[in-house]
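J.: My structure is below; once you've seen it, I'll send some questions.
The values are calculated or read from the model by the stated rules, or taken from the named source; none is laboratory data. All figures in this text were calculated on a predicted structure; none of them were measured in a lab. Cβ placement follows ideal geometry from the backbone for every residue including glycine, while neighbour counts extend to all protein chains displayed. Surface areas here come from the heavy atoms of the whole protein model, side chains and all, with no ligands, DNA or RNA. Shrake-Rupley method; radii C 1.70, N 1.55, O 1.52, S 1.80 Å.
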Amino acid sequence: MIPSRVDIAVIGGGPAGSLTARFLANSGYEVCLVERRSFPRETLCGEFISHEVLETLKECGLDPEFHALRPAHISKVKVCPIRGRAVTTDLGFTAFGVQRGVFDRMLLESAKRQGVQVIQPADAEEIVRSGDRFSIHVKSAAGDHTVSARWCVGAYGKSGALDKKLGRGHVAMRSGVNGVQVHVPVAVLSACDPGEVVLFSGRNMYCGLNIVNDGVATLCYLERRTSHDLPLRARFRELAAVNPGFAAVMTERGHGAIASAAIHGTGNIFFGRRDVVHNGMFMVGDAARVIAPLAGDGIGMAAQGARILGSVFGKRRRNAMTDDEMARDYERLWSNAFAARVRHAYVLQKILLSGGAMRVGGAMLRSFPGMLGAAVRFTRSQGSSL
Ligand SMILES: Cc1cc2nc3c(=O)[nH]c(=O)nc-3n(C[C@H](O)[C@H](O)[C@H](O)COP(=O)(O)OP(=O)(O)OC[C@H]3O[C@@H](n4cnc5c(N)ncnc54)[C@H](O)[C@@H]3O)c2cc1C
């Protein structure tokens with residue numbers, strides 16, 4: 001049954017939405033979550049799960065369920081530049097590879113068990129603030145419905161019609177940067193190390209490769225698209241032509257698998273600043289800010305953002321805090337946790353998206369391999385933010 005009145009409505013059932021809803025329900029709030037798609041659903045992602053995510057899962061007691069998904073364990077990162085030898089370094093932590101379809105479903109199911117009322121599949125079409133309440137207009141197969149909520153959390157991802165309807169400032173921005181992902185069976189690749197995440201640079205693009213669960217490998221690239229660019233799948237063949245490291249991994253069977261695989265993609269991904277609180281609505285995960293994917297930390301930010309927002313609402317429950325004080329507290333904690341990380345990842349991404357810079361970068365990495373380790377550290381959490 002769809003509730004008519006709740007304390008908090010969360011829009012979006014990705015990692016940010018499910019974990020935020022779970023933390024809020026755990027603090028005693030009545031929470032509903034609206035998710036557009038039926039799960040399990042695939043989504044554009046390299047499916048590299050950083051160690052920060054596991055910390056949050058442990059806090060929620062979800063680590064046994066996570067390990068039951070049989071994720072790949074990843075402890076090294078390798079960078080294959082356009083020319084020259086590859087450079088490999090230890091990540092300094094254990095990360096994981098797991099398909100988002102099963103991972104996101106696990107998180108949403110755990111939110112349900114925590115008492116979150118999940119409305120799915122259902123589209124939050126419009127959100128209207130009136131005084132100190134929000135009306136969320138929800139469309140589902142059962143018809144149209146309005147949920148009234150004291151607070152509203154935006155966890156609806158990097159872009160969507162809601163941004164425009166809410167009048168968020170960044171919607172007019174065009175980045176020209178696209179993301180594309182495919183799954184292929186590991187068996188069609190050669191020399192693919194399950195303990196490694198590999199980054200290949202190409203012409204105005206970089207591509208990540210790691211093994212996930214169930215004998216599947218995830219290939220995911222980010223490209224600066226120009227009007228002369230090839231169709232999305234053909235970019236993998238072009239990458240093999242310019243990058244010997246990628247050519248060594250991709251067999252003809254690999255290219256064949258890509259040709260018939262389902263492809264997930266998004267255009268015009270905006271990496272710039274967004275409002276973390278918009279007209280009283282708390283944004284979390286990609287809705288608050290998108291980190292450059294090479295950091296492999298978007299899910300980590302979603303999880304940590306959920307913890308931070310949960311802590312703000314937890315304080316509200318214990319002390320009398322106005323909505324403005326909550327907003328300022330969240331913005332401050334969010335910025336302390338993420339602002340530097342997002343900036344560093346963006347600079348590194350600019351280098352990788354520029355083929356010329358990557359040739360220089362590749363030579364530098366070979367001379368100073370410690371730089372790669374430093375780059376990994378700069379794009380990660382530097383300890384607790386709460
Ligand atoms: C190319 C690329 C590669 C990446 N690789 C990695 C990686 O390897 N590791 C990593 O950690 N991060 C990676 N990321 C980032 C990561 O995918 C995101 O940071 C993460 O998914 C953010 O989670 P989220 O919950 O904020 O949003 P999402 O996962 O996008 O979830 C949002 C949810 O909201 C729902 N929704 C949207 N609008 C509505 C609506 N109006 N009503 C109801 N529901 C709605 C959607 O259906 C979706 O389920 C990558 C990103 C890109 C672009």
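Residue by residue, here is whether (1) surrounded by 21 or more Cβ atoms within 10 Å (Cβ to Cβ); (2) part of a loop (DSSP other than H, G, I, E, B); (3) hydroxyl-bearing (Ser, Thr, Tyr); (4) modelled with pLDDT of 95 or more holds:
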{"residue": "LEU24", "(1), (2), (3), (4)": "yes, no, no, yes"}
{"residue": "ARG37", "(1), (2), (3), (4)": "no, yes, no, yes"}
{"residue": "PRO40", "(1), (2), (3), (4)": "no, yes, no, yes"}
{"residue": "LYS58", "(1), (2), (3), (4)": "no, no, no, yes"}
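J.: Right, another one. For ALA187, indicate whether it is away from the ligand (no atom under 14 Å from the Cβ), over 30 Å from LEU230 (Cβ atoms) and touching a residue at least 24 places away in the same chain (Cβ under 8 Å). Lay out the reasoning, then the answer.
T.: Numbers: away from the ligand (no atom under 14 Å from the Cβ): yes; over 30 Å from LEU230 (Cβ atoms): no; touching a residue at least 24 places away in the same chain (Cβ under 8 Å): yes.
Considered against the rule, which asks whether it is away from the ligand (no atom under 14 Å from the Cβ), over 30 Å from LEU230 (Cβ atoms) and touching a residue at least 24 places away in the same chain (Cβ under 8 Å), ALA187 comes out as no.
J.: Can you find a residue in the range 36-45 that is under 26 Å from VAL198 (Cβ atoms), near the ligand (Cβ under 10 Å from one of its atoms), of a type in the set (A, V, I, L, M) and touching a residue at least 60 places away in the same chain (Cβ under 8 Å)?
T.: Within the range 36-45, one or more residues are under 26 Å from VAL198 (Cβ atoms), near the ligand (Cβ under 10 Å from one of its atoms), of a type in the set (A, V, I, L, M) and touching a residue at least 60 places away in the same chain (Cβ under 8 Å).
J.: Select from the range 164-175 the residues that are more than 14 Å from the ligand (Cβ to nearest atom) and not in a helix (DSSP H, G or I) and list them in ascending order.
T.: Scanning the range 164-175 gives GLY167, MET173, ARG174.
J.: Would the range 150-163 turn up any residue that is away from the ligand (no atom under 12 Å from the Cβ), open to solvent by 30 Å² or more (accessible area, probe 1.4 Å) and not charged (D, E, K, R)?
T.: no
Listed here are the residues, each with its yes/no results for (1) more than 21 Å from the chain's Cα centre (by Cα); (2) closer than 30 Å to LYS76 by Cβ; (3) part of a helix (DSSP H, G or I); (4) not charged (D, E, K, R).
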position: HIS264; (1), (2), (3), (4): no, yes, no, yes
position: ALA306; (1), (2), (3), (4): no, yes, yes, yes
position: SER335; (1), (2), (3), (4): no, no, yes, yes
position: ALA340; (1), (2), (3), (4): no, yes, yes, yes
position: HIS344; (1), (2), (3), (4): no, yes, yes, yes
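J.: What is the residue count in the range 164-194 for residues that are more than 24 Å from LEU239 (Cβ to Cβ) and open to solvent by 40 Å² or more (accessible area, probe 1.4 Å)? Please lay out each step first, then the result.
T.: Of the residues in the range 164-194, the ones more than 24 Å from LEU239 (Cβ to Cβ) are 164-174.
Right, trim to open to solvent by 40 Å² or more (accessible area, probe 1.4 Å) and you get 164-165, 167, 169, 171-174.
Residues flagged as more than 24 Å from LEU239 (Cβ to Cβ) and open to solvent by 40 Å² or more (accessible area, probe 1.4 Å) within the range 164-194 amount to 8.
J.: Another one. Output the number of the condition that ARG133 fails; it satisfies all remaining conditions of (1) in contact with a strand residue (DSSP E or B) (Cβ under 9 Å, 6 or more places away or on another chain); (2) open to solvent by less than 60 Å² (accessible area, probe 1.4 Å); (3) within 19 Å of GLY285 (Cβ to Cβ).
T.: All conditions are met except number (3).
J.: Identify, from the list TYR346, TYR330, the residue that is of a type in the set (Ser, Thr, Tyr) and under 24 Å from CYS60 (Cβ atoms). Working first, answer last.
T.: Numbers: TYR346 fails: under 24 Å from CYS60 (Cβ atoms).
Being of a type in the set (Ser, Thr, Tyr) and under 24 Å from CYS60 (Cβ atoms) holds for just one of TYR346, TYR330, which is TYR330.
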